[in-house]
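First up is the structure itself, then whatever we jot down about it.
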Amino acid sequence: QVQLVESGGGLVQAGGSLRLSCVVSGRTLYNMGWLRQAPGKERAFVAAINWSGGSTYYADSVKGRFTISRDNAKNTVYLQMDSLKPEDTAVYYCAIPSSVIGRRVEEYDYWGQGTQVTVSS
């Protein structure tokens, strides 16, 4: 049984930083993505990383501000979020895609419960 558990969300002022973590159990050598859902909007791709950590992908809206990384020894994937903006406010989910890394929500099979990130202006 695959389980994903996110942590690290919270309330931060604009310009601040947060680091999200996603601990995975029941699966190894997986690609991983972070997606988010803002109030009143559809869930959207944020970032992804391949199983080895050698390749990373970002949405244009977060490129240069967010960094995805992983520690396979800890079965954990991270999302470092810097220079946060109010428009980054959302519930953030980690998810494992069915096969190759994708930017579409429907390409992800396994999801965590989400962690709330709120950025105040």
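The values are calculated or read from the model by the stated rules, or taken from the named source; none is laboratory data. On a predicted model such as this, the values are computed, not experimentally measured, just so you know. Because the Cβ atoms are built from the backbone with ideal geometry, glycine has one as well, and the counts that use them run over all protein chains shown. Protein only, heavy atoms only, side chains kept; ligands, DNA and RNA dropped before computing areas. Shrake-Rupley method; radii C 1.70, N 1.55, O 1.52, S 1.80 Å.
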Placed amide H near Trp51: partners under 5 Å, 5+ positions off or other chain: Asn31
Within the accessible area of the chain, what % is carbon and sulfur when the probe is 1.4 Å and the other protein chains stay in place? 47
Residues whose placed amide H lies under 5 Å from that of Val46, excluding near-sequence neighbours: Trp34, Leu35, Arg36
Highest average packing first - 60-66, 112-118, Cβ atoms within 10 Å: 112-118, 60-66
Hz values of 3J(HN,Hα) by residue in the range 52-63 - Karplus curve (6.51, -1.76, 1.60), Gly and Pro given as x: 8, x, x, 10, 10, 9, 9, 5, 4, 5, 10, 4
In Å², rounded to a whole number, the accessible area per residue of the range 1-97 with probe 1.4 Å is 48
In the range 21-56, which trypsin sites (Lys or Arg not before Pro) are in a loop and have at most 12 other Cβ atoms within 10 Å, using DSSP for the loop call? Lys41
Give the lysines reachable from Lys41 as a straight Cα distance under 21 Å; neighbours fewer than 8 places away on the same chain don't count. Lys63, Lys85
Sorted from largest down, what three extents in whole angstroms do the Cα atoms of the range 26-121 have along their principal axes? 39, 24, 22
Quick P(r) readout (the range 67-121; Cα-Cα; 10 Å bins; whole %) gives 20, 46, 31, 4
